[in-house]
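What follows is a short report on a single structure.
The values are calculated or read from the model by the stated rules, or taken from the named source; none is laboratory data. Computed from a predicted model, the values in this text were never measured in an experiment. Ideal geometry is used to build each Cβ from the backbone, glycine not excepted, and the neighbour counts take in all protein chains shown. Ligands, DNA and RNA are excluded from the accessible area calculation, which covers all protein heavy atoms including side chains. Shrake-Rupley method; radii C 1.70, N 1.55, O 1.52, S 1.80 Å.
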Amino acid sequence: MSGFVQRNPAGTVIMALVVAVVLWAIIAPWPAGMETAFGRKRIFLNAIFNGITLGALYFLVASGFTLIFGLMKNVNLAHGSLYLLGGYIGYEFAEATGMWLLSFVVVFLIVAAVGIALQYLVFRRMEGEDLRQTLVTIGISVVMADIMLWIWGGQSYQILTPDWLSGPVTLPLIAGLRGNGDVVYLTFPAVRIAILVASIALGILMWLALNRTRIGMLIRAGVDDRDMLAASGVKVQVVLVVVFAFGAGLAGIAGIVGGTFQSIVAGEDMRFLLASLVVVIVGGMGSILGAALGAVLIGLAEQLGSVYAPTYSVVLTFLIMALVLAFRPQGLLGR
Amino acid sequence: MALAERPGPSALSIGALGRSGPGWLERIPTSYWVVGVVLLCMPVVANDFILYQILGWTFILGMIALSLMFLGGYGGMVSLAQMSIAALAGYMVAILGSSGVQTISLNWPWWLYIPVAIFIAAVFATMIGALAVRTTGIYTIMITLAIAAAFFYFTRQNYTIFNGYSGFANVVPPELLGVNWRTPIPFYYLALFWAVVSYLAVVYVARSPFGLALQGIRDNPRRMSALGFNVFLHRVAAYTFASVIAAIAGILLVWQNAQISPGTAGLPAVIDILVIAIVGGIKRPIGPFIGALIYVLLRTFSPDVLQVFGLPDDRFKLLIGVGFLAIVYWSPDGVLGLWDRWRARRSRTRDPMASTGGPS
């Protein structure tokens, strides 16, 4: 951190200024002139919070994707299908039993099992053939998408929020001022706050697991140099299976989350595959922190874009990706 | 390795074709004559549906997949954005030429809007190439897939230029030479002509100094760079060249359907092009056309095929997906690879003394 400040004094000042302006825009009540220029502050705050929540969802999907990529150097283009499968299974389970929290465990186990099957049946047999692995995952995603369309049809499903998480929460943030000077505070759906908190907690746990435990050490070593890790006596195949199962399970859980605060419908698999691709390209392949940063950036860009420039929100996302590729091809936090 | 694919005497030497000695006719192998005569005489035996829907569509999809094959097979860059490039050219024809959406279309004459459409598509592809070649291997697939998806979502959201969800209808070819090019037989010959031109162009470029350098870069970029070749420019130029083929196919596609909408370049369509190229075989320029024929036949007759397996009629994607998986799993070179292996085995069993049973 201090090294970065010493190397880029100008960049640090600019970044500090930007952070200060954004914080001011979030915390302070907006003066009247600003409200006419940018619209209501409530809209801005909602876009920011929706963006961060969407970023949390993207992080759930993309962190597994980036770990698998970093470790195995293969792109699992069926990752979006795992997300969709998790969403459908979570919906069925929650509908049948009414236990929303338990559905996370069940979906994690089922989708992780699918991931293990993929690893054993596909990737292990084609080790080192990157292109072929990628092509096979495309084929699998086509087949899975059609089978899911067959079973669940084209309609959209919404997973019901449990009672204790439904309804709004008032946040200690000023959304605006009434005519008589009363302060209006921002309200936000409780379930989204819960998703946000849970994602941050999960991210911290993953970071701790990666940096403070033995298996995390093995995974990091595998990302850096897999052959060397194998040569020093570690059963790399076991590490691979664990990571693949974990990444797939996370994608499945993200399916429940997505089905709760958006909806589950055929075609979402491609949307989330694309989101993971962009997040991982922006953040840097194989980096968890990069995935978090990229996910928040893309989530914010999508939401702010859809509020302030509806036609061009996709272009904004794409522009971020193009800029990162042009100036830092390895991704913001990639090595 | 692509150089040694087709042994010398049986190869169609376009270089010789250009210089046109009396010997060049004899150098064309028999299979070319057979295929050529069959394709030229097709309208005599085939009905309108086969000419227009099956073969016309095969040529168009084959050309788009051919542009992918050129990048993937000779350049080692599997680009999934080729369908988007084709769709952009189609959109440009609808926007610059005439369509049912009078508020957007500019009604330019055909000799202006066709070159401009191809040019815009080529510029777009060059920009994609400049971005995509900064990374290699699977990263290229990821980036081009992301670009293709962005193009799809952008055309669906943008109403001022691309007319959003509904796209453009009533996009018809100009009535050149008093011929309505949307009738089956003229359209068949039009598509056939451009398919043959693109095929020959790819064969020619693959043997030109540029194509050879590109194949060298595919096999070992560092060595080519050390030899003084500009790796970056060669790769980007490959994108530009491939995009022209894709753009022509895109224009034919919009004429054939008389409409274009975001779904034309949606992600399923993008992946279909990859499936076509891989199933046909990505090592040789004829592969994409074979793949396209298989795809179109399956797509047209899938209800019958599915009934054989006892599945409902609309599970076409399942059929394509399983077929694609089977091909990638057992024959990474596609159908052409199967064919080569079958020939090699046959020539081995027939004549144990023959050392090579290579493809002809």
Problem - Test: A:ILE215 is open to solvent by 50 Å² or more (accessible area, probe 1.4 Å), over 16 Å from A:LEU67 (Cβ atoms) and of a type outside the set (S, T, N, Q) - result: no
Fill in the blank from the handout: Subset of segment B:278-314, residues among the hydroxyl-bearing types (Ser, Thr, Tyr) and modelled with pLDDT of 80 or more, comes to B:TYR295, B:THR300
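Working only within segment B:148-164, note down all residues that are crowded, with 24+ Cβ neighbours inside 10 Å and either free of Cβ contacts under 8 Å to residues at least 12 places away in the same chain or at the interface with chain A (Cβ under 7 Å from one of its Cβ atoms) (or both). Outline the logic, then answer.
Within segment B:148-164, the first condition is being crowded, with 24+ Cβ neighbours inside 10 Å, and the residues that meet it are B:148-149, B:151-152, B:155, B:162-163.
The answer is B:ALA149, and nothing else.
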Exercise for the section: Filter segment A:191-212 for residues that are β-branched (Val, Ile, Thr) and surrounded by 15 or more Cβ atoms within 10 Å (Cβ to Cβ) and give the result. Expected result: A:VAL191, A:ILE193, A:ILE195
Exercise for the section: Filter segment B:300-354 down to the residues that are of a type in the set (Phe, Trp, Tyr) and more than 22 Å from B:GLN53 (Cα to Cα), then identify the one that is nearest to the other protein chains (Cβ to nearest Cβ). Expected result: B:PHE324
Problem - Selected residue (only one of A:LEU293, A:LEU304 is away from every other protein chain (no Cβ under 12 Å), under 22 Å from B:LEU131 (Cβ atoms), at pLDDT 85 or above and part of a helix (DSSP H, G or I)) - result: A:LEU293
Practice task
Consider B:LEU212 carefully, then state whether it is touching a Ser or Thr at 6+ places or on another chain (Cβ under 8 Å) and either open to solvent by 30 Å² or more (accessible area, probe 1.4 Å) or not aliphatic (A, V, I, L, M) (or both).
Solution key: no
Problem - Scan of segment B:302-345 for residues that are touching a Pro at 6+ places or on another chain (Cβ under 9 Å) and aliphatic (A, V, I, L, M), ordered by number - result: B:LEU306, B:LEU336, B:ALA344
Practice task
Please work out if A:VAL265 is open to solvent by 30 Å² or more (accessible area, probe 1.4 Å), over 14 Å from the mean Cα position of the chain (by Cα) and within 14 Å of chain B (Cβ to nearest Cβ).
Solution key: no
Problem - Unmet criterion (only one of (1) open to solvent by less than 40 Å² (accessible area, probe 1.4 Å); (2) within 14 Å of another protein chain (Cβ to nearest Cβ)) for A:LEU171 - result: (2)
Fill in the blank from the handout: All-but-one check, A:GLY286 against (1) at pLDDT below 85; (2) more than 10 Å from chain B (Cβ to nearest Cβ); (3) open to solvent by 40 Å² or more (accessible area, probe 1.4 Å), failing number (3)
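B:VAL202: surrounded by 20 or more Cβ atoms within 10 Å (Cβ to Cβ), in a helix (DSSP H, G or I) and at pLDDT 85 or above, yes or no? So that I can check it myself, show each step before the final result.
Details: surrounded by 20 or more Cβ atoms within 10 Å (Cβ to Cβ): yes; in a helix (DSSP H, G or I): yes; at pLDDT 85 or above: yes.
Spelling it out, B:VAL202 is indeed surrounded by 20 or more Cβ atoms within 10 Å (Cβ to Cβ), in a helix (DSSP H, G or I) and at pLDDT 85 or above.
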Exercise for the section: May I ask you to say which residue of B:LEU112, B:LEU71 is surrounded by fewer than 21 Cβ atoms within 10 Å (Cβ to Cβ) and farther than 12 Å from B:VAL171 by Cβ? Expected result: B:LEU112
Practice task
Would you check if A:TYR120 is more than 26 Å from A:LEU205 (Cα to Cα), away from chain B (no Cβ under 11 Å) and in contact (Cβ under 8 Å) with a residue 60 or more places away in the chain?
Solution key: yes
Practice task
Within segment A:107-123, identify whether any single residue is within 14 Å of B:TYR329 (Cβ to Cβ) and aromatic (Phe, Trp, Tyr), and answer yes or no.
Solution key: yes
Problem - Condition met for A:GLY334 (within 16 Å of A:LEU54 (Cβ to Cβ), more than 10 Å from chain B (Cβ to nearest Cβ) and open to solvent by less than 40 Å² (accessible area, probe 1.4 Å)) - result: no
Problem - Qualifying residues in segment A:148-163 (those that are open to solvent by 40 Å² or more (accessible area, probe 1.4 Å) and over 16 Å from A:SER103 (Cα atoms)) - the one nearest to the chain's Cα centre (by Cα) - result: A:SER156
Problem - Conditions (1) at pLDDT below 85; (2) surrounded by fewer than 18 Cβ atoms within 10 Å (Cβ to Cβ); number of the one not met by A:ASN76 - result: (2)
Problem - Hey, A:TYR58 away from chain B (no Cβ under 14 Å), buried (at least 21 other Cβ atoms within 10 Å of the Cβ), touching a Ser or Thr at 6+ places or on another chain (Cβ under 9 Å) and touching a residue at least 40 places away in the same chain (Cβ under 8 Å) or not - result: no
Exercise for the section: Check A:VAL234, A:VAL238 and return the single one that is more than 27 Å from B:THR155 (Cα to Cα), over 16 Å from the mean Cα position of the chain (by Cα) and either at pLDDT 85 or above or open to solvent by 40 Å² or more (accessible area, probe 1.4 Å) (or both). Expected result: A:VAL238
Practice task
Quick one: B:VAL171 ticks every box in (1) among the β-branched types (Val, Ile, Thr); (2) open to solvent by 10 Å² or more (accessible area, probe 1.4 Å); (3) in contact with a Ser or Thr (Cβ under 8 Å, 6 or more places away or on another chain) except a single one, so which number is it?
Solution key: (2)
Handout entry: Close pairs (8 angstrom Cβ cut-off, 6 or more residues apart or separate chains): farther than 14 Å from B:ALA146 by Cβ and assigned to a loop (DSSP other than H, G, I, E, B) in segment A:308-335, open to solvent by 40 Å² or more (accessible area, probe 1.4 Å) and modelled with pLDDT of 80 or more anywhere
Key = A:ALA309/A:LEU316; A:LEU332/A:LEU293; A:LEU333/A:LEU289; A:LEU333/A:LEU293; A:GLY334/A:ARG328
Problem - Residue list for segment B:126-147, restricted to those being more than 10 Å from chain A (Cβ to nearest Cβ) and over 23 Å from A:ILE138 (Cα atoms) - result: B:THR126
Problem - For B:ASN107: the one exception among (1) open to solvent by less than 60 Å² (accessible area, probe 1.4 Å); (2) away from chain A (no Cβ under 14 Å); (3) touching a Ser or Thr at 6+ places or on another chain (Cβ under 7 Å) - result: (1)
Practice task
Among the candidates A:VAL278, A:VAL315, single out the residue that is in contact with a Ser or Thr (Cβ under 7 Å, 6 or more places away or on another chain) and within 9 Å of chain B (Cβ to nearest Cβ).
Solution key: A:VAL278
Problem - Selected residue (criterion: least open to solvent (accessible area, probe 1.4 Å)) from residues of segment B:134-147 that are in a loop (DSSP other than H, G, I, E, B) and not hydroxyl-bearing (Ser, Thr, Tyr) - result: B:GLY137
Practice task
Go over the candidates A:ALA322, A:ALA248 one by one and state the one that is within 12 Å of chain B (Cβ to nearest Cβ) and either open to solvent by 10 Å² or more (accessible area, probe 1.4 Å) or among the hydrophobic types (A, V, I, L, M, F, W, C) (or both).
Solution key: A:ALA322
